[in-house]
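Here the structure is laid out as structure tokens; the discussion comes afterwards.
The values are calculated or read from the model by the stated rules, or taken from the named source; none is laboratory data. Here the structure is a predicted model, which is why all the values come from computation and not from measurement. Cβ atoms come from the backbone with ideal geometry, glycine included; neighbour counts cover every protein chain shown.
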Amino acid sequence: MVEGEARCWAVVIADQRVSRRGPDRVPEALRALAPLAEGFRLGFERTAGDEVQALSADPAAVVRAVTVLWRLGDWHVGVGVGEVELPLPDSTRAARGPAYLAARQAIGRPAAAAPRFVGGAGTRNLRALDEAQTVLALVAALIHRRSAAGWQVIDLVEAGLSQTQAARRLGISPQAVGQRLRAAHHREVAAGLELATARLAEAMGVSVAPSTVAP
């Protein structure tokens, strides 16, 4: 699809919680989100105060970004879906359109652990968008319960190591690795993220390959 055609986009906005009482965590967030740059047409950057923003047409990239921000903690996330004005500028700060207005509405709602989704003009399926938000709210509840030990194992497994290799790396038994994965709800989170990605893709009117979201 060429840029001049009608297209549905997703704008991700994240605002640091209680930023006046804590350190500036924008640089940390930008570093954590940097590996996802390929999935964003206009990459993450600071837009105002303690806020970061980016534009993507890839539902999987949007969901991955949300999970990165969840893990960092202290971020209120809003996602706006819809059209944007073309041609696109070089910076998300200069971009405009219904998707940006929807994202601003989403981030303006009362803060919650899960991201808020708002559909603007051009959204293909508002019901699917609501369903994506609901699924991610359930997934967020599981992710926020993960321990440091759980994340330690998940990082290794998601990097491609087998459970046996992860156990050897950590100096624990394969059984202990399995226990940590179960305690972290690894399978449930992976399934939830895949479902949320599929529903967001339907809302945006695009297709997405299965199993493209790392939990």
Exercise for the section: Filter the helices (runs of 4 or more DSSP H) completely within segment 139-215 down to those with at least 1 residues that are in contact (Cβ under 8 Å) with a residue 60 or more places away in the chain and small (Gly, Ala, Ser). Expected result: 186-204
Handout entry: Condition met for Arg180 (in contact with an Asp or Glu (Cβ under 6 Å, 6 or more places away or on another chain) and buried (at least 20 other Cβ atoms within 10 Å of the Cβ))
Key = no
Fill in the blank from the handout: Counting only residues that are out of contact with any helix residue (DSSP H, G or I) (no Cβ under 6 Å at 6 or more places or on another chain) and closer than 16 Å to Ala103 by Cα, segment 55-68 contains a total of 3
Practice task
Give just the number: which of (1) of a type outside the set (Phe, Trp, Tyr); (2) touching a residue at least 40 places away in the same chain (Cβ under 8 Å); (3) surrounded by 15 or more Cβ atoms within 10 Å (Cβ to Cβ) does Leu126 not satisfy?
Solution key: (3)
Practice task
Return yes when Glu83 is under 20 Å from Ala132 (Cα atoms) and assigned by TED's automatic domain parsing to the domain that holds Val118 and no when it is not.
Solution key: yes
Problem - One residue from Leu129, Leu200, Leu195, Leu136 being touching a Phe, Trp or Tyr at 6+ places or on another chain (Cβ under 6 Å) and not assigned by TED's automatic domain parsing to the domain that holds Ser56 - result: Leu129
Problem - Members of segment 139-156 that are of a type in the set (Val, Ile, Thr) and closer than 21 Å to Leu195 by Cα - result: Val139, Ile143, Ile154
